Structures are given as C-alpha cells and as structure tokens.
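All remarks here apply to the structure that follows.
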Amino acid sequence: MDQPQKADRASGLRRNCAAGLLLITIATLLSSASPVRSDPAITLTPTLDRLATPVMPANPTSADLGSQVYYLHCMTCHGDVGQGLTEEWRNVWVEDHRNCWGKGCHGGRVEDQGFPLPKTIPAVIGPEAAMAQHATSAELLAYLQQTHPPQRPGKLEKQEYEQVTAFLWHENQRETATVSPALVVFLLGGLGVAVIALLLLFRARRMRNRA
C-alpha cells in the first residue's frame, strides 16, 4: 500500500471515530436529561343541573317523596332551594322563560296564557321563609291544601300535600316532636306515685277525724 492510500485510510478512521464519539455523547446527554412530562389530567367538575328531577333513595321517606312533589308543583315559582322567585333563579331558565310577567305569560292580562303571578313570591325554605307563622306541620298542611297551587287550590292528592309538607318541614329543620317511650313511662309513673300519695293523705285525715 503506497503512502497516499495509507493517509486516506487513517483520515477515514479518524472521521469514523469522531462520528462515533459524537453519537455516544448525544446518547449520554439524552439519557441523563429529565423526561418530558405531559400535563396532568384535568379533572372537570360536573355542572349541577338545577332543573334536574330529584333522585330518590332506595327507601324514600315522606320528605324524600315530598321533594319530588315540590319539584313538579312548587319549584318553578318558589325556586330550586326554596329561595323564592328571585332574579337569580329566573336567570337559570332559558331566555324566553325568564320574564314571568311578560306578554303571554303571568302578567294578569286577558291575552296571557298563564295565571297571574304576584311580583314577589316568598321563600319557603331558609331563615327568610315564612314558616314561623305555622306552629305545627298540621297547620302548614291545612294552609297548603286551602291555597296551593294558586291557580287551583286543592288540586293535589291528600298524600301529595302530606309529602310536600313533610319536605318543607324537614328542610326548615322543624322536625315533628315525638315523645319517647321512656319519657311516657316516667310521666305515668310519677303520676301514679302522686295519686297514691294523695290517697294515703286522704285516708290519714279521715282516720284522724274519727279518732
């Protein structure tokens, strides 16, 4: 092999070694670099559907069933949480249903399709609810039967009135008071002791009078 060929071969070997070292260096840098992290998964909070039908538990109470009666017959005017017909609540509805007193709705005009609505419809749940005027759930039940729904009082079945009354009473944390059996026994026992004591006292006085 002559001298020029040896020189070319040596130059090629040097180029190959340099390229090999460059590849090794790049691979080392890539392996030591931090892996690229993808953005963490974004957890979306489901939007509350305030117009959705109440979901009943497996064994619904009378108050649970009353929430459905409220949804069907009361919620439109009194609000999804009993807040009354507030502007905020009306804005939940589609745009052409927000003005309850608009033309063709509940303004009290001859051509209106709906029954007249007062400008203010009170809250029925919460601290501003006019529940204090009813001392018992029986009073509230009688009131609802006589006045609601306003377009046709007494329209609902008796059981429905009882259920919605239970719902409103429960939501306002005015549970019906109950007397425990232990308290009944205690009261009756105390009454019995008092009666026996009076009889003994009466007998003692009679014997004293005879003596």
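Would you work out if region 44-94 is rounded, prolate or oblate? Take a ≥ b ≥ c from the square roots of the eigenvalues of the alpha-carbon gyration tensor; rounded if a/c is under 1.5, else prolate when a/b is larger than b/c, oblate otherwise. Oblate, because a/c is 1.5 or more while a/b does not exceed b/c. If the segment from His97 to Glu139 were pulled out straight at 0.36 nm per residue, it would be longer than the present Cα-Cα gap by 11.8 nm.
3J(HN,Hα) along region 118-126, derived from phi through the Karplus expression 6.51 cos²θ - 1.76 cosθ + 1.60 where θ = phi - 60°, amounts to x, 5, 10, 10, x, 6, 10, 9, x Hz, with x in place of Gly and Pro. Straightening the chain between Ala132 and Arg109 buys 4.9 nm, computed as 0.36 nm per residue apart minus the Cα-Cα spacing. Other residues with beta-carbon under 14 Å from the beta-carbon of Gln145 carry, at +1 per Lys or Arg and -1 per Asp or Glu, a net charge of -1. Describe numerically, in nm with one decimal, the distance between label points set 7 Å from Cα along Cα→Cβ at Gln159 and at Leu201. Distance between label points: 5.3 nm. Residues whose amide H comes within less than 5 Å of that of Ile121, counting only those at least five positions distant or on another chain, are Leu85 (H built at 1.01 Å from N in the peptide plane). Couplings 3J(HN,Hα) of region 139-146, computed from phi: 5, 5, 4, 4, 4, 5, 5, 7 Hz, in residue order, whole Hz [Karplus 6.51 cos²θ - 1.76 cosθ + 1.60, θ = phi - 60°; x for Gly and Pro].
Read-outs throughout are calculated quantities, based only on the coordinates presented, and are distinct from any laboratory measurement. Quick caveat: nothing in here was measured; it's all calculated off a predicted structure. Positions of Cβ are backbone-derived with ideal geometry, glycine not excepted, and every protein chain shown enters the neighbour counts.
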